[in-house]
Amino acid sequence: MADAKERKILVAVDEGLESMYALSWSLHNLISQTSNDTIILIYAKPPRTVYTSPDGTVVFFLMSKIKDMVFFLIVLVLVAGYLFSPDMLASIDKCRNDLASSIIEKAKKMCREQGDNEVKVEVIIETGDPRDVICQAADKIHADVLVMGSHGYGLIKRAFLGSVSNHCAQNVKCPVLIVKKPKSSSSATGTK
């Protein structure tokens with residue numbers, strides 16, 4: 001086993017207990033003491049849904065395109081709900097970055113505490129739809145396996161919200177391991 005191939009194990013993490021359970025399960029069941037594997041943690045920051053227009057260009061554009069003043073005011077009220085000052089956007093971005101850092105630090109701590117001290121950990125943080133971010137990263141780094149937690153949505157929720165794990169299982173080139181957290185398990189540990 002001295003010449004063991006180094007595997008790249010991509011583990012998708014988010015703020016849910018399910019992803020931390022999947023990471024814990026991976027550390028206990030996929031990584032051996034003699035392996036030369038690398039855990040690559042990936043977190044997908046959701047894209048920003050609010051934008052800024054401090055010079056009024058959006059309002060001017062809307063006015064030039066909309067002739068009916070009542071309709072224009074309705075559209076302006078709706079659009080204004082999604083327009084914020086640059087300072088507000090900076091605060092929103094800081095919160096998003098802080099959340100990403102917190103989740104990654106929690107996952108790295110789990111790797112140190114539950115995994116072998118020699119386990120190599122790398123981090124990828126990208127902005128975008130988690131389905132796309134995870135699939136693109138798995139292909140880009142040539143992951144040997146993608147590990148994901150399952151939220152366990154039912155048919156209705158999955159139809160409306162979509163399933164990130166299902167999308168990834170259908171679209172990545174590497175094997176996908178979907179780890180389902182047992183309902184009776186209240187801790188985020190996996191055992192052999």
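The values are calculated or read from the model by the stated rules, or taken from the named source; none is laboratory data. Values in this document were obtained by computation on a predicted structure and should not be read as measured data. Don't worry about glycine lacking a Cβ; one is built from the backbone with ideal geometry, like all the others, and counts go over all protein chains shown. Ligands, DNA and RNA are excluded from the accessible area calculation, which covers all protein heavy atoms including side chains. Shrake-Rupley method; radii C 1.70, N 1.55, O 1.52, S 1.80 Å.
Scanning the range 153-168 for residues being modelled with pLDDT under 90 and either of a type in the set (A, V, I, L, M, F, W, C) or open to solvent by less than 50 Å² (accessible area, probe 1.4 Å) (or both) gives a total of 10.
Keeping to the range 100-135, report how many residues are out of contact with any helix residue (DSSP H, G or I) (no Cβ under 7 Å at 6 or more places or on another chain) and in a strand (DSSP E or B). Of the residues in the range 100-135, 3 are out of contact with any helix residue (DSSP H, G or I) (no Cβ under 7 Å at 6 or more places or on another chain) and in a strand (DSSP E or B). For ALA138, the stated conditions do not hold, so it cannot be described as at pLDDT 95 or above and part of a loop (DSSP other than H, G, I, E, B).
Return the residue satisfying two criteria in turn: it lies in the range 106-131 and is free of Cβ contacts under 8 Å to residues at least 24 places away in the same chain and either closer than 21 Å to HIS151 by Cβ or not acidic (Asp, Glu) (or both), and of such residues it is surrounded by the fewest Cβ atoms within 10 Å (Cβ to Cβ). My answer is ASN117. Flag: LEU62 does not match the condition of being open to solvent by less than 80 Å² (accessible area, probe 1.4 Å) and either under 30 Å from the mean Cα position of the chain (by Cα) or at pLDDT 85 or above (or both). Within the range 170-192, the set of residues being modelled with pLDDT of 90 or more, touching a strand residue (DSSP E or B) at 6+ places or on another chain (Cβ under 8 Å) and surrounded by 13 or more Cβ atoms within 10 Å (Cβ to Cβ) comprises VAL172, CYS174, VAL176, LEU177, ILE178, VAL179.
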